Structure formats: structure tokens, C-alpha cells
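K.L.:
Please see the structure below; I have some questions.
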Amino acid sequence: MTVESTAARKPRRSTKRVSAAKKPQSSEPQLVQLLTPEGERVEHPEYEIDLTPDELRGLYRDMVLTRRFDAEATALQRQGELGLWASLLGQEAAQIGSGRALRDDDYVFPTYREHGVAWCRGVDPTNLLGMFRGVNHGGWDPTTNNFHLYTIVIGSQTLHATGYAMGVAKDGADSAVIAYFGDGASSQGDVAESFTFSAVYNAPVVFFCQNNQWAISEPTERQTRVPLYQRAQGFGFPGVRVDGNDVLACLAVTRSALERARRGEGPTLIEAFTYRMGAHTTSDDPTKYRHDDERVAWEAKDPILRLRTYLQNEGHADEAYFTALDEESDQLAKRVREAVRAMPDPDHMAIFDNVYADGHALVDEERAQFAAYQASFAEEGN
Amino acid sequence: MAVQKLPLAKALNESLRKALDTDPKVLIMGEDVGKLGGVFRVTDGLQKDFGEDRVIDTPLAESGIVGTAIGLALRGYRPVVEIQFDGFVFPAYDQIVTQLAKMHARALGKIKMPVVIRIPYGGGIGAVEHHSESPEALFAHVPGLKVISPSNSSDAYWMLQQAIQSDDPVIFFEPKRRYWDKSDVDVEAIPGPLHKARVAQVGSDITLAAYGPMVKVCVEAAAAAAEEGKSVEVLDLRSMSPIDFDTIQTSVEKTGRLIVVHEAPVFYGSGAEIAARITERCFYHLEAPVLRVGGYHAPYPPARLEEEYLPGLDRVLDAVDRSLAY
């Protein structure tokens, strides 16, 4: 962390909002913040949070382990064990803060980068790697942890979340639904349609947009001429921009939006203003489209370091704690590495599995043909 | 009375009524399906009887309709979605192809997608652009979808209920120019398997295979051919995915000749698939190449030209002559 980049700037209390009206995408966004980049606790008039040291350490642990898991997956991709990886580096606070706001009976619709949210839902991280290793296209039972399959087509899942939330309302349940998407997805028609449907039907859904500033190589300015959270107003529901690198603010804002949904007051759009520290996926090269100084500036806002500073300053965690957590991180990485390497290739016949629930004559025919073809090798003794 | 003579659209209406009545998880969704009862009145009176919570008027957004139906299915509902016209399905095509069709497989079978998408399709009603197309091949090509089309009121009544009961996504193509044709519906019958073809007309010289709106044309062609002493067998395929090739094979082994008739463009159409498979299965039984009669590789024409574009009696009979000439 470079202190220089932030030293000149006085820690800004979010109660003193800086106007973002002058230009479409202000570098000083109007956002909810409860923990400054320097680890200073600040208050916000609308969003309060009061956590025990245990809970604070829990959030810290979640972020550290998620980052370690993510780093390990990136390494596994570089070693050829995964075909691709979409890193969440830098977005830990947005994901852990929002993820820890959820109740067990809430339902999550992620993109393909919500590894931290999956962690909060109790999804075994190794389950997330199957699709990136190429052994399945999802592979977990979404109903076990109320965590839907990763969705790769940008923004599609916001409609699934809205429909699911409409069903929740029909059932008279008081659970809520959260849909994750990025700033790039905000350009998709499906996201606009999900805003329309959720508003019209007053669906208990929270739209959690992680504006990580880049949609592969396209900046947010290429997606929108108004701050994203302001779009909600045009659809008739509230939008709020939160410091996406502040886990406390993300937790408080998401909790509030979920409670609003539970009360039957409809959707909320949360724009978590954050930064993707790495590449979009392991396939692209950020040095081709963005400058190092931008990344350096955001490093100063690192979500994990700021909570660590706060924990240390408040005396909530000592060196022994951090050392133990480092050890736990290494154990997690080891477990993930071993699990990925041990992950078996699927059986050849899996091509034909679960194409249809009720069967299909053509699939049956082709399955039989393929089985006979495979068997012919065995007969030839190959 | 168990047997009633109903227009096809009314049979669909009765079918939806029965489904709503039988299963509280069944929902109807679409543009104008509520108060108006749909532009073809297929959902007429359903919202009045089952309420706005079961028969849901939606915003005008096809991707939104299908996308939210997927979410409702994940929550345990069985949405029956109406797309107003064939040419309007494309904004929803992404949700249907990339999401709906694959969800069951991606979850390794742990979740099911019981969504029915009703699409009035085909021409012959003098409509404007985007209101007369036959895009069934675009859906039949997609693994994970089932594609069916009734040609008469009885099938309309039963196939729709079977589609709703299916745990797979079903694209249900309704032949809009047959909506007003009346035929018998036995509401107490035990329906046959959903994907089995029906012999609509028994014959011995040549087989015509059709579905949806073209079945009637083929039956009329068979009657006309009979006057010339030709015995034409007509198959109503009923299902385009899967296709009941066994029934086609049995017929072709008897007649030695096959013509596939559909409204959709011939190029890459379902006729191509049937011709290829039947050539594989029946090569030594065929007396002539499998012929196809259908639309041209051109946008569906303006209404004043559609009679030229659509396969009619003469074009079908011409193909019969060509086949028999081998």
C-alpha cells in the first residue's frame, strides 16, 4: 500500500458528500462509507452498523480466505490446471459485505465472479472450479445453499432473480433475493428489463452492481453517462452508491436493502464502487488498456488492509491472530490445489446426461451410438 | 358431454383452464393475456376466473417475460408464457437458448425447468411483417428444448396440458391460421404419448409428413390425389423435437416415397433433417429421393404475396407427381 497517494487527501467523511453532478463519472463518487481507506471508522446518517470484535474479525477472515482462494485459483490457471479464472481481487469487501448481509433463506443469483459471495453461502470453493477446469458447466445444486449457478451471459441472471423474487412474493414468504452483476452488464437490455419487472411487480429483489470500473477493456464511461446508482430512480426505486472497498458499508447498505425488500417495499439498486485489481479473466492483459497509476491509486483503498488497520488500532486482533489466519489461508489453498488436481474428468457418457429431464428419443439414440462406438475400441483391445 | 366440437383456440383456452384448475403452481404470463384475453383470445376469461396473480399481464419485454419465467420455475412454479407472435420471440431467444435450455444440464439434473412457451406461428392470415413466420427449426436445433405443434383441437387441448406437465422446457407452436377451425375434443380421453406422430390419412403410394398448419393442406392434397387414383398417406408429426422417426420409417417402408411439407423456408429446415435421417434409415426402401415443399429463402413476403410463398394444394400435388415419376 502506498501511503503517498492518499496522504495529501484528508480522510473524507461520507456525511460531507462531494457533488458528483459536474461530470458523469466523478472520480470522487458520492458514496456511503463507514470505514475510510485509512481504517478510520466514520458514521453515516442513514446507515448504522454496530459489530462485535468477533464479527469484525469474521468479516476480515472471510475476505482474507477469499483472496487466498482467488490467488490460488489464478495460480492453478497459470499452471494449466484451470482453463480460465475470473479473479475477484479487489472486490472482497463488496462480496463479503453483501454476502454476510444475507439470511439462509435468501436466494443469490451470481455472475461468474462471486467467489466471495459463494463463500458466505457455504458453497465449498472447490465446487466453483469445476466449470473453470472444464469438467462441468456449473455442477452444484443451487437449492442446497440458495446460490444459483454462475451465469456467463452478461446480465441474464438479473431476470432470473426478479422472477424468483416474484415467486417469493406469491408464496407470501419474507425472504429476499439478490442479483449480482457488473458495470458492463448495466448496458444489457436484460438488466433494464429486470428493473422494469421488479418495479412493476414490487419484487423483493436487491440488485447489487459491482462497478469495478472495467468491462474487460471498456471503462464504465463506455457503459453509462450517469452514475449507475442513479438509474434506479427512473425505474421507480431507490439506488445507492456504496464504497465497494468498505466491507462495513457494503454490509450495512445491503442489509438495509434486504430489509426493505422483506417489508414488501420492492427492489433497491446498490452500486458498489470498487475496482478490479487484476484482469477481467486470466485471458486478458490489463496493461493493454489501463494505466498503472490507476491501479496504484486503488491499491491505497484496499478493502482488506483498511479493516486490518482498524482491527489493529482498536486492539481487536493481535499478531497471533493474523499469523493463525495466514496459516489457515495456506491450508485452504493446499486443500483447493489438491482438490482441483484430483478432480476427475467426467465419464464420456456424461455428454448425454441431463440434457432433458423427461428424456428425448434423439438423445437416447445418439447415446446408444456413442456407447457402441466407445465399446468398439474395447473390443479392438485399444 | 365428453366430446365437444371446438375451435382450436377455444380448445387451448379450455386446456389452460384445466391446467390452472389442476395445479396451483401453473401460471399464465404474457403481454395482454389478462383483461384482453390475448390478441387471439386464447387466454380469454382466465384472469377473471383465476386472478391477476395466476394470469399475469406483463410489461412489453419478451426477454423479461422468459427470463422471469425461468426465475419463477426455479422457485417451483410452472409458467406458461405467451409470445404474442412468431416474429416477436427473438428478443427472448437469448434467454431461451442460453438459459432455459441449459439450466437442467448445467445443474447436473438437480433443478428442472418446467416452462412452456406458446407461440402463435405461421402465415395465411394476411398479417403485417413479423406476424407470419415459422421459426421452429431455430428451436428444434437447440439441445434441451422440446418443440411441438398441434394441428387440430384435440391435440391442442391435450398436447398443451402434457407440455405443462413436462419438466422440460417446451416450445409450443400454435398454427394461428387454424385457430378458428373446429374439430372434436374428447376431454375424458386418455391422450397418447406427446412426441408420437399420428397417421392422419392412411395411404400406400407415397407419404406426406407435415405438422401444424400444413397437416390440413396435406390431407386435402391426399383427397385430391385420390381422385386421380393415387393413395397418399399423411403423417401429422406433432413434435419437431424429438421427431418420431419410427412412425415415418414405418410409413416410408410401406410407400417407398416421402415428401416433407412445412411453411418454414426449406433451406436448413426440418424437412432437411427428416430427409437426411430417413435416407439413412430407409435407403433401400426409397423409390425416389425425399422431396421437400416449403417456404423460400427469402423474408416472409407481404400479405398480398403469401399465397405464392406458402405451400398450397398445387405445390404439394406437384411434388407428389415428381416423386411418383421416379
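The values are calculated or read from the model by the stated rules, or taken from the named source; none is laboratory data. Predicted, not measured: the structure shown is a model, and the values here were computed from it. Reconstructed Cβ throughout: ideal geometry from the backbone, glycine too, with neighbour counts over all protein chains shown. Side chains are part of the model used for accessible areas, which takes the heavy atoms of the whole protein and leaves out ligands, DNA and RNA. Shrake-Rupley method; radii C 1.70, N 1.55, O 1.52, S 1.80 Å.
K.L.:
Return the FRET efficiency for the residue pair B:Trp180, A:Tyr289: r is the Cβ-Cβ distance, R0 is 60 Å, and the value is rounded to the nearest 0.05. All intermediate terms of the calculation are to be shown ahead of the outcome.
P.N.:
Details: r = 59 Å, r/R0 = 0.98.
Here the calculated transfer efficiency is 0.55.
K.L.:
Using a Gaussian network model of chain A whose springs link C-alpha atoms within less than 10 Å, name the residue from A:Ala93, A:Ala165, A:Ala317 with the highest mean-square fluctuation.
P.N.:
Most flexible of the set in this elastic network: A:Ala317.
K.L.:
Just to be sure I understand: with springs between alpha-carbon atoms less than 10 Å apart, which residue in A:Leu65, A:Leu362, A:Leu269 has the highest mean-square fluctuation in the Gaussian network model of chain A?
P.N.:
A:Leu362
K.L.:
Please list, by residue number, everything in segment B:236-266 whose backbone N is under 20 Å from a paramagnetic label point 7 Å out along Cα→Cβ of B:Glu228.
P.N.:
Residues B:255-262 qualify, since their backbone N sits under 20 Å from the label point.
K.L.:
How far is helix A:247-262 tilted, in degrees, relative to the longest principal axis of the Cα atoms in chain A, given as a value from 0 to 90 rounded to the nearest 10?
P.N.:
Taking the Cα atoms of chain A, the angle to A:247-262 is about 70 degrees.
K.L.:
If amide H atoms are built 1.01 Å from N in the plane of the peptide, which residues on other chains or at least 5 residues away come under 5 Å of the amide H of B:Ser239?
P.N.:
Under 5 Å from the amide H of B:Ser239 lie the amide H atoms of B:Ser149, B:Asp244, each far enough along the sequence or on another chain.
K.L.:
For segment A:315-324, take each phi angle, set θ = phi - 60°, evaluate the Karplus expression 6.51 cos²θ - 1.76 cosθ + 1.60, and give the result in whole Hz per residue in order, putting x for glycine and proline.
P.N.:
Result, rounded to whole Hz: x, 7, 8, 10, 4, 4, 4, 5, 5, 5.
K.L.:
Let me check against my output: what whole-number percent is the relative contact order of chain A, with C-alpha pairs under 8 Å and at least 6 apart?
P.N.:
Normalised by residue count, the contact order of chain A is 22 percent.
K.L.:
Name the residues whose placed amide hydrogens come within less than 5 Å of the amide hydrogen of A:Phe147, ignoring near sequence neighbours (fewer than 5 apart) on the same chain.
P.N.:
Residues meeting the criterion, in which the H sits 1.01 Å from N, are A:Val108.
K.L.:
What accessible area per residue, rounded to a whole number of Å², is obtained for segment A:207-337 using a probe radius of 1.4 Å?
P.N.:
Counting only protein heavy atoms, the per-residue value for segment A:207-337 is 42 Å².
K.L.:
What residues of segment B:260-294 lie in the reach of a label at B:Glu129, counting those whose backbone N is under 19 Å from a point 7 Å from the Cα along Cα→Cβ?
P.N.:
Label zone hits: B:265.
K.L.:
Still on this model: Would you mind checking which residues have amide H under 5 Å from A:Leu82's amide H? H placed 1.01 Å from N; only 5 or more apart, or other chain.
P.N.:
Amide H neighbours of A:Leu82, under 5 Å, 5+ apart: A:Gln77.
K.L.:
Taking only C-alpha pairs under 8 Å that are 6+ residues apart, what is the relative contact order of chain B in percent?
P.N.:
Relative contact order of chain B: 16 percent.
K.L.:
Sequence neighbours fewer than 8 away in the same chain don't count; with that in mind, list the lysines whose C-alpha is under 21 Å from B:Lys10.
P.N.:
B:Lys18, B:Lys35, B:Lys48, B:Lys176, B:Lys182, B:Lys216
K.L.:
Run the numbers on segment B:195-326 and let me know its relative contact order in percent, using alpha-carbon pairs under 8 Å that are six or more apart.
P.N.:
Reported relative contact order: 27 percent.
K.L.:
Something else about it: Between helix A:361-379 and chain A, what is the angle of the helix's C-alpha long axis to the longest principal axis, kept within 0 to 90° and rounded to the nearest 10?
P.N.:
For A:361-379 against chain A, the angle is about 70 degrees.
K.L.:
While we're looking at this one, here's another question. So what are the three principal axis dimensions of the protein assembly as shown from its Cα atoms, in whole Å, longest to shortest?
P.N.:
Answer, in whole Å and largest first: 99, 68, 44 Å.
K.L.:
Compute the distance in nm between two label points, each set 7 Å from the Cα along the Cα-to-Cβ direction, one at B:Asp318 and one at A:Val226.
P.N.:
So the label points at B:Asp318 and A:Val226 sit 5.8 nm apart.
K.L.:
In the Gaussian network model of chain B, springs joining C-alpha atoms below 10 Å, which of B:Glu220, B:Glu129, B:Glu287 carries the largest mean-square fluctuation?
P.N.:
So, out of B:Glu220, B:Glu129, B:Glu287, the one fluctuating most is B:Glu129.
K.L.:
For segment A:17-150, with the dipole built from +1 on Lys and Arg beta-carbon atoms and -1 on Asp and Glu ones, taken about the Cα centre, which of A:Ala86, A:Thr52, A:Thr143 lies farthest toward the positive end?
P.N.:
Of the listed residues, the answer is A:Ala86.
K.L.:
Suppose we keep just the DSSP beta bridges with both residues in chain A; what percent of those would be antiparallel, to 5?
P.N.:
Given both bridge residues lie in chain A, the antiparallel proportion sits at roughly 10 percent.
K.L.:
Please determine, in degrees from 0 to 90 and to the nearest 10, the orientation of helix B:245-255 with respect to the longest principal axis defined by the Cα atoms of chain B, where the helix direction is its Cα long axis.
P.N.:
Helix B:245-255 and the main axis of chain B meet at about 20 degrees.
K.L.:
Continuing with the same structure: Please report the antiparallel percentage of the DSSP beta bridges confined to the protein assembly as shown, to the nearest 5.
P.N.:
That works out to approximately 20 percent antiparallel.
K.L.:
Return the FRET efficiency for the residue pair B:Ala2, A:Val153: r is the Cβ-Cβ distance, R0 is 51 Å, and the value is rounded to the nearest 0.05.
P.N.:
Working: r = 47 Å, r/R0 = 0.92.
With R0 = 51 Å, the Cβ-Cβ based efficiency is 0.60.
K.L.:
On average, how many beta carbons from a partner chain sit within 10 Å of the beta carbon of a residue in B:74-86?
P.N.:
3
K.L.:
Can you tell me the dipole magnitude for segment A:55-102 around its Cα centre, using point charges on the Cβ only (Lys, Arg +1; Asp, Glu -1), in Debye to the nearest 20?
P.N.:
About 100 debye.
K.L.:
Can you return the lysines within cross-link range of A:Lys288? Criterion is Cα-Cα under 27 Å, with same-chain partners fewer than 8 residues away left out.
P.N.:
Output for A:Lys288: A:Lys23, A:Lys301.
K.L.:
How crowded by other chains is B:51-64, given as the mean number of beta carbons from other chains within 10 Å of each beta carbon? Display every interim value, and only then the final one.
P.N.:
Details: counts 0, 0, 3, 1, 0, 3, 1, 4, 6, 2, 8, 1, 9, 14.
Mean inter-chain Cβ contacts per residue within 10 Å come to 4.
K.L.:
Further question: Taking every pair of alpha-carbon atoms in chain B, give the share separated by more than 27 Å as a whole percent.
P.N.:
Result: 42 percent of Cα pairs exceed 27 Å.
K.L.:
Measuring from label point to label point, each 7 Å out along Cα→Cβ, what is the A:Ser187 to B:Arg17 span in nm?
P.N.:
Placing both labels 7 Å beyond Cα along the Cβ direction yields 5.0 nm.
K.L.:
Another question, if that's okay. Could you give the distance between the Cα centres of segment B:149-185 and segment A:174-203, to the whole Å?
P.N.:
33
K.L.:
How large is the dipole of the protein assembly as shown about the Cα centre if only Lys and Arg carry +1 and Asp and Glu carry -1, each at its Cβ, rounded to the nearest 20 debye?
P.N.:
It works out to roughly 1340 debye.
K.L.:
Still on this structure, please answer the following. Considering the options B:Pro191, B:Leu108, A:Asn202, tell which one lies farthest towards the positive end of the dipole of the protein assembly as shown, charges being +1 on Lys and Arg and -1 on Asp and Glu at the Cβ, about the Cα centre.
P.N.:
Among B:Pro191, B:Leu108, A:Asn202, the one farthest towards the positive end of the dipole of the protein assembly as shown is A:Asn202.
K.L.:
Moving on to the next point. Compute, for A:Tyr373, the solvent-accessible surface of its heavy atoms (probe 1.4 Å) with the complete set of protein chains present, and express it in square angstrom to the nearest 10.
P.N.:
For A:Tyr373, the solvent-accessible surface is approximately 130 Å².
K.L.:
Take every DSSP beta bridge whose two residues both sit in chain B, then give the antiparallel share in percent to the nearest 5.
P.N.:
Working: 10 of 42 bridges.
Of the beta bridges lying entirely in chain B, close to 25 percent run antiparallel.
K.L.:
How charged is the neighbourhood of A:Thr254? Take every other residue with its Cβ under 11 Å from the Cβ of A:Thr254, and add Lys/Arg as +1 and Asp/Glu as -1.
P.N.:
Details: positive: A:Arg100, A:Arg255, A:Arg260; negative: A:Asp106, A:Glu259.
Here the charged neighbours net out to +1.
K.L.:
In square angstrom and rounded to 100, what buried accessible area do you get between chains B and A, total over both, with the probe at 1.4 Å?
P.N.:
What B and A bury together is about 3500 Å².
K.L.:
Taking the Cβ-Cβ separation of A:Glu327 and B:Leu60 as r and a Förster radius of 56 Å, what is the calculated FRET efficiency to the nearest 0.05? Numbers along the way, then the final one.
P.N.:
On the way: r = 57 Å, r/R0 = 1.02.
Efficiency at R0 = 56 Å is approximately 0.45.
K.L.:
Which of the trypsin sites (Lys or Arg not before Pro) found in segment A:202-271 are loop residues per DSSP with 10 or fewer other Cβ atoms within 10 Å of their Cβ?
P.N.:
Working: sites: A:Arg222, A:Arg225, A:Arg231, A:Arg241, A:Arg255, A:Arg260, A:Arg262, A:Arg263; in loops: A:Arg225, A:Arg263.
Those that pass, being in a loop and sparsely packed, are A:Arg225.
K.L.:
Moving on to the next point. Dipole of segment B:181-326 (Lys/Arg Cβ +1, Asp/Glu Cβ -1, origin at the Cα centre): which of B:Phe245, B:Ile259, B:Ala276 lies farthest to the positive side?
P.N.:
The one lying farthest along the dipole's positive direction is B:Ala276.
K.L.:
Taking θ = phi - 60°, what integer Hz values does the Karplus form 6.51 cos²θ - 1.76 cosθ + 1.60 yield along segment B:272-277, in sequence order, with x for Gly and Pro?
P.N.:
Values, residue by residue: 5, 5, 5, 4, 5, 5 Hz.
K.L.:
Could you give me the ³J(HN,Hα) list for segment A:161-170, computed from phi with Karplus coefficients 6.51, -1.76, 1.60 and θ = phi - 60°, whole Hz, x at Gly and Pro?
P.N.:
Listing the rounded values in order: 4, 5, x, 4, 5, 4, x, 4, 5, 4 Hz.
K.L.:
Can you give the net charge of the other residues whose Cβ lies under 10 Å from the Cβ of A:Phe208, counting K and R as +1 and D and E as -1?
P.N.:
Its environment carries a net charge of -2.
K.L.:
Using 0.36 nm per residue, how much length does the chain from A:Ile351 to A:Asp318 gain when fully extended, once their Cα-Cα distance is taken away?
P.N.:
6.7 nm
K.L.:
Which residues of segment B:90-122 bury at least 40 Å² of accessible area once all protein chains are present, versus their chain alone (1.4 Å probe)?
P.N.:
At a threshold of 40 Å² (probe 1.4 Å), the residues of segment B:90-122 that become less exposed are B:Gln95, B:Gln99, B:His104, B:Arg106, B:Leu108, B:Lys110, B:Ile111.
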